[in-house]
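Below is one structure, written out as structure tokens, with a few remarks after it.
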Amino acid sequence: MAKIDLSPLPWNTQGFDERETVEIDNDKFNVYRYGNKGVLFFCIHGAGYTGLSFAQFAENIKGKIECQIVAPDLRGHGRTECEQPLDFSKDRIVKDLYAIYVKLYPDETSRPHAFVIGHSMGGAMAIRLCREKLISNVLSLIVIDVVEGTALSSLANMPQVLRRRPKNFKTLEEAIHWATTASDTLCRLPGARQSVPSQLRKNEQTGLYEWICDLAKTQPFWVSWFTGISHEFLECSQGKVLIIGHVDSMDSELIRAEMEGKYQNVIVPDAGHAIHENDVEAVTNVIQSIYQRFEVLIKKNLKIHL
């Protein structure tokens with residue numbers, strides 16, 4: 001039986017061709033980018049992940065749509081360096097994301113049409129960005145595997161989940177192996193070889209690889225991240241898509257709203273929590289179909305106010 005390759009891959013193996021440092025006050029945000037033409041996919045990762053969790057999606061979508069892709073590392077994550085790395089409040093993160101967007105697209109008159117995509121905690125941030133219309137020309141909001149009811153009810157189990165999570169690894173290969181076998185945070189190959197190393201840093205004293213983001217330190221913010229997001233999601237005037245792993249995740253407010261045609265619900269089974277990494281084809285197909293609805297607007301650069 002052939003040995004499975006668990007060696008880490010460079011950040012630009014799939015999806016991205018530029019890594020930019022965006023300075024805001026005294027903070028330095030690491031932003032992964034691809035392209036400078038076409039529709040913008042503004043991608044927001046979940047807690048503990050990095051912008052590279054969107055590398056597989058970026059690789060897939062850029063081959064099908066003329067686009068530009070932006071995927072920042074949030075404060076306290078990845079290669080981003082902030083004076084207050086443990087301020088994970090929703091207001092703070094949303095302000096960070098808006099500031100990054102304005103830095104990258106300073107000219108209001110030439111900002112591209114955009115799709116805002118958020119995974120898990122990043123989905124909650126994406127909802128707030130769209131509800132407050134902080135990102136210009138948003139055609140669609142795509143939220144991946146986060147629903148208020150199930151998110152809040154699952155928080156009671158999170159300390160137990162974190163106790164099962166190793167605090168360190170001897171090698172990056174060991175970390176990648178763990179990520180591809182862990183039931184709680186499954187990340188499939190080949191994506192894990194590129195994204196998992198970006199979540200770790202080597203402790204020079206011990207020689208061990210440790211998590212950059214200690215998820216236990218985000219606990220004070222968990223409830224505030226998710227409270228009210230179903231209502232906020234439905235209040236967004238832009239096109240709305242919810243991608244989840246199974247129908248049991250939906251709460252009554254979302255079920256009723258879907259029946260009324262207020263948003264599109266997509267079920268992608270057997271892909272774990274990181275659906276956009278583990279079933280990239282399914283997520284790409286959903287987003288490509290949404291893009292096709294707006295293609296004439298995008299190509300003629302016609303702006304509409306949603």
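Any residue at all in segment 100-111 that is part of a helix (DSSP H, G or I), surrounded by 19 or more Cβ atoms within 10 Å (Cβ to Cβ), under 20 Å from the mean Cα position of the chain (by Cα) and modelled with pLDDT of 95 or more?
Looking for residues that are part of a helix (DSSP H, G or I), surrounded by 19 or more Cβ atoms within 10 Å (Cβ to Cβ), under 20 Å from the mean Cα position of the chain (by Cα) and modelled with pLDDT of 95 or more, one finds at least one in segment 100-111, hence yes.
Would you pick out the residues in segment 1-37 that are basic (Lys, Arg), closer than 29 Å to Leu189 by Cβ and in a strand (DSSP E or B)?
Arg19, Arg33
Looking at Ser230, is it surrounded by 15 or more Cβ atoms within 10 Å (Cβ to Cβ), closer than 25 Å to Trp11 by Cβ and in contact (Cβ under 8 Å) with a residue 60 or more places away in the chain?
So Ser230 fails the test.
Among (1) closer than 21 Å to Leu129 by Cβ; (2) under 17 Å from the mean Cα position of the chain (by Cα); (3) touching a residue at least 12 places away in the same chain (Cβ under 8 Å), there is one condition Cys82 misses while meeting the rest; what is its number?
(2)
Under 8 Å between Cβ atoms, at least 6 apart or on separate chains: pull out the pairs that start in segment 273-293 with a residue that is among the aromatic types (Phe, Trp, Tyr) and end on any residue that is crowded, with 17+ Cβ neighbours inside 10 Å.
Hits for this filter: Tyr291/Val39; Tyr291/Ile65; Tyr291/Phe115; Tyr291/Ile298.
Among the residues of segment 59-90, write down those that are over 15 Å from Gly122 (Cβ atoms) and assigned to a helix (DSSP H, G or I).
Residues satisfying the conditions are Glu59, Asn60, Ile61, Lys62.
Test Leu40 against the stated conditions and say whether it is touching a residue at least 12 places away in the same chain (Cβ under 8 Å), of a type in the set (A, V, I, L, M) and part of a helix (DSSP H, G or I).
So Leu40 fails the test.
Does Val22 qualify as being more than 24 Å from Thr171 (Cα to Cα) and surrounded by 24 or more Cβ atoms within 10 Å (Cβ to Cβ)?
No.
Run down Ile135, Ile142 and say which single residue is at pLDDT 90 or above, within 20 Å of Tyr291 (Cβ to Cβ) and outside any strand (DSSP E or B).
Ile135
Among the residues of segment 177-194, what is the count of those that are within 21 Å of Met158 (Cα to Cα) and either under 19 Å from the mean Cα position of the chain (by Cα) or at pLDDT 90 or above (or both)?
Count: 7.
Do any residues in segment 165-177 that are under 12 Å from Ala192 (Cβ atoms) have Cβ atoms under 6 Å from those of residues that are buried (at least 17 other Cβ atoms within 10 Å of the Cβ) and among the basic types (Lys, Arg), where the two are at least six apart or on different chains, and which pairs are they?
What qualifies is Ile176/Arg193.
Is one or more of the residues making up segment 214-225 farther than 27 Å from Arg165 by Cβ and exposed (fewer than 13 other Cβ atoms within 10 Å of the Cβ)?
Within segment 214-225 (the criterion being farther than 27 Å from Arg165 by Cβ and exposed (fewer than 13 other Cβ atoms within 10 Å of the Cβ)), the answer is no, since none of the residues qualifies.
All but one of (1) in a loop (DSSP other than H, G, I, E, B); (2) touching a residue at least 12 places away in the same chain (Cβ under 8 Å) hold for Phe54; which doesn't?
So Phe54 meets the others, but not (1).
Give the residues of segment 13-49 that are under 20 Å from Ala179 (Cβ atoms) and either basic (Lys, Arg) or more than 17 Å from the chain's Cα centre (by Cα) (or both), sorted by residue number.
Once the filter is applied, which keeps residues that are under 20 Å from Ala179 (Cβ atoms) and either basic (Lys, Arg) or more than 17 Å from the chain's Cα centre (by Cα) (or both), segment 13-49 yields only Thr13.
The values are calculated or read from the model by the stated rules, or taken from the named source; none is laboratory data. Quick caveat, the model's predicted, so the values are computed rather than measured. Cβ: placed from backbone, ideal geometry, glycine included. Neighbour counts: every protein chain shown.
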